[in-house]
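Enquirer: What follows is a single structure, and I will ask about it in a moment.
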Amino acid sequence: MLAALLNGYRPRYRRSNGHSMIELAMLSVLFVIVAVFCLDVGFVIMGSQMNDAACRDAARAAAQGNNYTTALRLAQAALASHRPDGYFVTQPTIDAAGFEYEDFSGSPPPDTSPFVTVTTATNVRIPAPIFFMGATFGPNGTMAFRKTITFPIVKTTLYL
């Protein structure tokens, strides 16, 4: 081989300029799809977490009320502290049909304690809905989240 190089022989190398561009183009499409999917999952997780926290705080605040009206007002005041951006995640709301205040008129049956049940709902707009594993979306690529939490009624003073 050394003798061949000294006589002016040079091995020929294959050109691979075009192959690199094709590989780059194919992988960039894959990376864009994965990045958009991760972005969608991030918004879903953010919206779900916000609705869960809002429901928990609303139920805790409603448990401080003395009657249905006061408990509902306290729950709505607690929801006001959860301010999303309004475009991707909507403001959590209390479902009136899912709000229950049961104090048993001050004398609960044995082995039962007074409770309040709060149901909240919020919508999350997905930036680029990707239909994966049977995912379904509402109008404008939204996903609806609902959460119901039951909390024991306690009789302490709450200052808002």
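Enquirer: Using the alpha-carbon atoms, what tilt in degrees (0 to 90, nearest 10) does helix 68-79 show relative to the longest principal axis of the chain?
Expert: 30 degrees
Enquirer: While we're on this one: Which listed residue (Gln76, Phe115, Gly47) has the Cα farthest towards the positive end of the charge dipole for the chain, taking +1 on Lys and Arg C-beta and -1 on Asp and Glu C-beta about the Cα centre?
Expert: Farthest towards the positive pole: Gly47.
Enquirer: Also, I was wondering about something else. So if I take the centroid of the Cα atoms in the stretch 110-134 and the same for the stretch 38-96, what is the distance between those two points in Å?
Expert: Taking the Cα centre of the stretch 38-96 as reference, the centre of the stretch 110-134 is 10 Å away.
Enquirer: Using unit Cβ charges (K, R positive; D, E negative) and no other charged atoms, how large, in debye to the nearest 20, is the dipole of the stretch 18-152 about its Cα centre?
Expert: The dipole of the stretch 18-152 has a size of about 240 debye.
Enquirer: Does anyone have the angle between helix 17-62 and the longest principal axis of the chain? Alpha-carbon axes, 0 to 90°, nearest 10?
Expert: 10 degrees
Enquirer: Regarding the stretch 18-152, what are the three Cα extents along the principal axes, ordered largest first, in Å?
Expert: 82, 29, 21
Enquirer: Which order results if His19, His82 are arranged by neighbouring Cβ count within 10 Å, fewest first?
Expert: In increasing order of surrounding Cβ atoms, one gets His19, His82.
Enquirer: Provide Thr136, Thr148, Thr120 in ascending order of the number of other Cβ atoms located within 10 Å of each residue's Cβ, fewest first.
Expert: Lowest count first: Thr136, Thr148, Thr120.
Enquirer: A further question on this structure: Specify the residue with the greatest mean-square fluctuation among Val36, Val118, Val89, computed from a Gaussian network of the chain linking alpha-carbon atoms under 10 Å apart.
Expert: Maximum among the listed residues: Val36.
Enquirer: Looking at the square roots a ≥ b ≥ c of the eigenvalues of the Cα gyration tensor of the stretch 64-117, which shape do they give, rounded for a/c under 1.5, prolate if a/b is larger than b/c, or oblate?
Expert: Prolate shape, in that a/c is at least 1.5 and a/b is the bigger ratio.
Enquirer: Oh, and also: When Tyr101, Tyr87 are ordered from fewest to most other Cβ atoms inside 10 Å of their Cβ, what list results?
Expert: Tyr87, Tyr101
Every number in this text was worked out from the coordinates using simple rules, so none of it is lab data. Quick caveat: nothing in here was measured; it's all calculated off a predicted structure. So basically every Cβ, Gly included, is an ideal-geometry build from the backbone, and we count neighbours across all protein chains shown.
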